[in-house]
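*Asks:* Structure provided below as structure tokens; questions to follow.
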Amino acid sequence: MFAKLARTGLLIAAIGVAGCTDSSMKDFNPSANNPLPEKILASMKAKGMTRTSPVMARIFKEEGKLEIWKAKTNGRYDIVASYDICKWSGKLGPKFTEGDRQAPEGFYTVRPAQMNPRSSYHLAFNIGYPNAYDRANGRTGSHLMVHGACSSSGCYSMTDAQIEQIYAFGRDAFQGGQTEFQIQAFPFRMTAANMARYRNDPNYEFWKMLKVGYDNFEITKVPPKVDVCERRYVFNRVPEGTAAFSPTAACPPSTQPGSLVTAYQSYQKSYDAAFAVAAKKGDKLPRKPSIAGLNEANIVSEWTKKRARGERIPVEPPSLNSDGTVTQTARMGRIDSPAGKKQASLDAAAAEKAKAAAEKKAIALAKAEEKERAQEAAKAAAEQPVVATGATATEAVPVEAAAPPPQKPGLFSSARKRIVNIFGS
């Protein structure tokens, strides 16, 4: 039933820019040319895949997984590798605006020109944000990638060893003639249990829309044909006659393969039953934080701008609470933007200068106090009473206060008389 649809999907996927040329492949640096491990190649062969058969990727934020799927000889895809995402930025939910630090969610396309073998993050490829849906809804941002170096500010970051393999899957598929491959980025695996957990989340309607594409792939195991009309995604629909999809215009009359319609109805019936059961206990299960729409995105974006200017800001991005209040960490600092590093260096130099001045002032003050103590000691010594020789402390009499020794009254006058008689007056 799905073989025809699978072949149709492959033809649809072939529409796009020309594939990589041999000369562009020769421009790749050595790490971008590393072959896939023999174990993976053997697994692919056992599943009816070739090294250069078409590829696609799926990303799940909450589970922290990046999956690689490849086409088998019957046109349907099967998983060949799964990697733990080293780091992704932001919260659950889509990216809204430049600087909100959100890793995108949605359906994206990677073409050869988006592959970067000389990335400062080891190896990288741009996922194609903003796509037609993002642009139609006024969402902004740039340079959103899957890359190495395990560092993220809005991207999906892997280890260097992981990105070498992921990069190789795309490179080999381009060499085999695939002109573009699809990346599906989701907040979580879109099971009934997970959807029930997040049914009251502000991003739930957006996630329900993504789930239609998720379900189409689960049913067919072929990357869905993705279009945008009325500012929303539509999947595996063929417009009637000469009509075409336009991201901001009304959706034109369209059809789907009958086999897909039947399969989807059956799939949805089972899902609805499972959702009803899960909803009864969904509120009791843990949920990860999600972005509170454009308002929070703008708050985080303003934080990012201040960081880029090198201003002192909370070291973690702020969060918008459900009651409209903003939560941010108390610890402030300048983070690793170029302006921040420059200002931090100036701050450090100023602090060192202030410290040296304070130490100099403290030394001068200590010397002044020591001199003052010495002067006071000398003054006290000068005012201390002198003790007569042989006197005890209780008998001490100041010298200037001592009375002259008494003299006998007639002794001096009789001596004077004798001298006058001898020498005359």
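The values are calculated or read from the model by the stated rules, or taken from the named source; none is laboratory data. Owing to the predicted nature of the structure, the values given are computational and were not obtained by experimental measurement. Backbone-built Cβ (ideal geometry, glycine too); neighbour counts: all protein chains shown.
*Asks:* Given the criterion aromatic (Phe, Trp, Tyr) and over 22 Å from residue 168 (Cβ atoms), identify the matching residue among 107, 60. Explain how you work it out, then say what you get.
*Replies:* Numbers: 60 fails: over 22 Å from residue 168 (Cβ atoms).
After applying the criteria, what remains is 107.
*Asks:* Quick one: which of 266, 319, 254 is exposed (fewer than 15 other Cβ atoms within 10 Å of the Cβ) and at pLDDT 90 or above?
*Replies:* Values: 319 fails: exposed (fewer than 15 other Cβ atoms within 10 Å of the Cβ); 254 fails: exposed (fewer than 15 other Cβ atoms within 10 Å of the Cβ).
When all the criteria are applied, what remains is 266.
*Asks:* What single numbered condition from (1) β-branched (Val, Ile, Thr); (2) at pLDDT below 60; (3) under 21 Å from residue 216 (Cα atoms); (4) under 34 Å from the mean Cα position of the chain (by Cα) fails to hold for residue 17?
*Replies:* Of the numbered conditions (1) β-branched (Val, Ile, Thr); (2) at pLDDT below 60; (3) under 21 Å from residue 216 (Cα atoms); (4) under 34 Å from the mean Cα position of the chain (by Cα), the odd one out for residue 17 is (3).
*Asks:* Next up: Could you list all residues from the stretch 285-299 that are basic (Lys, Arg) and either under 14 Å from residue 105 (Cβ atoms) or assigned by TED's automatic domain parsing to the domain that holds residue 134 (or both)? Can you show your working first?
*Replies:* Going through the stretch 285-299, the residues basic (Lys, Arg) turn out to be 287-288.
Passing the criteria: only 288.
*Asks:* Let me ask something else about it. Among the residues of the stretch 38-56, is any more than 27 Å from residue 157 (Cβ to Cβ), modelled with pLDDT under 95 and of a type in the set (A, V, I, L, M, F, W, C)?
*Replies:* no
*Asks:* Examine the stretch 227-236 for a residue that is farther than 23 Å from residue 101 by Cβ, of a type in the set (Ser, Thr, Tyr), outside any loop (DSSP other than H, G, I, E, B) and over 34 Å from the mean Cα position of the chain (by Cα), and state whether such a residue exists. Quick ask: steps written out before the conclusion?
*Replies:* Taking the stretch 227-236 and keeping what is farther than 23 Å from residue 101 by Cβ, we get 227-236.
Still in the list and also of a type in the set (Ser, Thr, Tyr): 233.
Checking the rest, the ones that are also outside any loop (DSSP other than H, G, I, E, B) come to 233.
Filter once more, so that each one left must be over 34 Å from the mean Cα position of the chain (by Cα): none.
The answer is no, given that none of the residues of the stretch 227-236 is farther than 23 Å from residue 101 by Cβ, of a type in the set (Ser, Thr, Tyr), outside any loop (DSSP other than H, G, I, E, B) and over 34 Å from the mean Cα position of the chain (by Cα).
*Asks:* Something else about it: Counting only residues that are of a type outside the set (S, T, N, Q) and more than 15 Å from residue 100 (Cβ to Cβ), how many does the stretch 314-335 have?
*Replies:* We begin by selecting, within the stretch 314-335, every residue of a type outside the set (S, T, N, Q); these are 314-318, 320, 323-324, 326, 330-335.
Filter once more, so that each one left must be more than 15 Å from residue 100 (Cβ to Cβ): 314-315, 323-324, 330-335.
Number of matching residues: 10.
*Asks:* To continue, here is another question. Being touching a residue at least 60 places away in the same chain (Cβ under 8 Å) and within 36 Å of the chain's Cα centre (by Cα) is the filter here, so list the residues in the stretch 237-264 that pass it.
*Replies:* As a first pass, look at the stretch 237-264 and keep what is touching a residue at least 60 places away in the same chain (Cβ under 8 Å): 247-248, 257, 259-260, 263.
Once the filter is applied, which keeps residues that are touching a residue at least 60 places away in the same chain (Cβ under 8 Å) and within 36 Å of the chain's Cα centre (by Cα), the stretch 237-264 yields 247, 248.
*Asks:* Of the residues in the stretch 134-161, how many are of a type outside the set (Gly, Ala, Ser) and buried (at least 21 other Cβ atoms within 10 Å of the Cβ)? Steps first, answer last, please.
*Replies:* To start, the set of residues in the stretch 134-161 that are of a type outside the set (Gly, Ala, Ser) comprises 134-135, 137, 139-140, 143-147, 150, 155-156, 158-160.
Those left that are additionally buried (at least 21 other Cβ atoms within 10 Å of the Cβ): 134, 139, 144-147, 155-156, 158.
So the count comes out to 9.
*Asks:* Now for a different question. It is to be established whether one or more residues within the stretch 133-142 are at pLDDT 95 or above, within 20 Å of residue 214 (Cβ to Cβ), of a type outside the set (A, V, I, L, M) and assigned to a strand (DSSP E or B).
*Replies:* Scanning the stretch 133-142 turns up no residue that is at pLDDT 95 or above, within 20 Å of residue 214 (Cβ to Cβ), of a type outside the set (A, V, I, L, M) and assigned to a strand (DSSP E or B).
*Asks:* Within the stretch 90-108, is there a residue that is aliphatic (A, V, I, L, M), in contact with a Cys (Cβ under 9 Å, 6 or more places away or on another chain) and free of Cβ contacts under 8 Å to residues at least 60 places away in the same chain?
*Replies:* First pass over the stretch 90-108, keeping only residues aliphatic (A, V, I, L, M): 92, 103.
From the residues that got through so far, the ones that are in contact with a Cys (Cβ under 9 Å, 6 or more places away or on another chain) too are 103.
Checking which are free of Cβ contacts under 8 Å to residues at least 60 places away in the same chain leaves us with none.
No, that holds for no residue.
*Asks:* I would also like to ask the following. Out of (1) buried (at least 16 other Cβ atoms within 10 Å of the Cβ); (2) in contact with a strand residue (DSSP E or B) (Cβ under 9 Å, 6 or more places away or on another chain); (3) within 30 Å of residue 287 (Cα to Cα), the odd one out for residue 189 is which?
*Replies:* (1)
*Asks:* How many residues, within the stretch 268-291, are assigned to a helix (DSSP H, G or I) and hydroxyl-bearing (Ser, Thr, Tyr)?
*Replies:* Filtering the stretch 268-291 down to residues assigned to a helix (DSSP H, G or I) leaves 268-282.
Subset that is hydroxyl-bearing (Ser, Thr, Tyr): 270-271.
Residues meeting the conditions: 2.
*Asks:* What's the total number of residues in the stretch 57-83 that are within 26 Å of residue 188 (Cβ to Cβ) and either β-branched (Val, Ile, Thr) or modelled with pLDDT under 95 (or both)?
*Replies:* If we filter the stretch 57-83 for residues that are within 26 Å of residue 188 (Cβ to Cβ), which is where we start, we get 57-71, 76-83.
Retained after the next criterion (residues that are either β-branched (Val, Ile, Thr) or modelled with pLDDT under 95 (or both)): 59, 68, 79-80.
Total meeting the criteria: 4.
*Asks:* I'd like to check which strands (runs of 3 or more DSSP E) are fully inside the stretch 59-127 and have at least 2 residues that are crowded, with 19+ Cβ neighbours inside 10 Å, under 15 Å from the mean Cα position of the chain (by Cα) and not aromatic (Phe, Trp, Tyr). Walk me through how you get there before you give the answer.
*Replies:* Working: elements: 65-71, 77-84, 106-110, 124-126.
In the stretch 59-127, no matching strands (runs of 3 or more DSSP E) lie anywhere.
*Asks:* Right, next: With the requirement that a residue be under 26 Å from residue 37 (Cβ atoms), assigned to a helix (DSSP H, G or I) and of a type in the set (Gly, Ala, Ser), what does the stretch 157-213 give you?
*Replies:* Residues satisfying the conditions are 161, 168, 170, 173.
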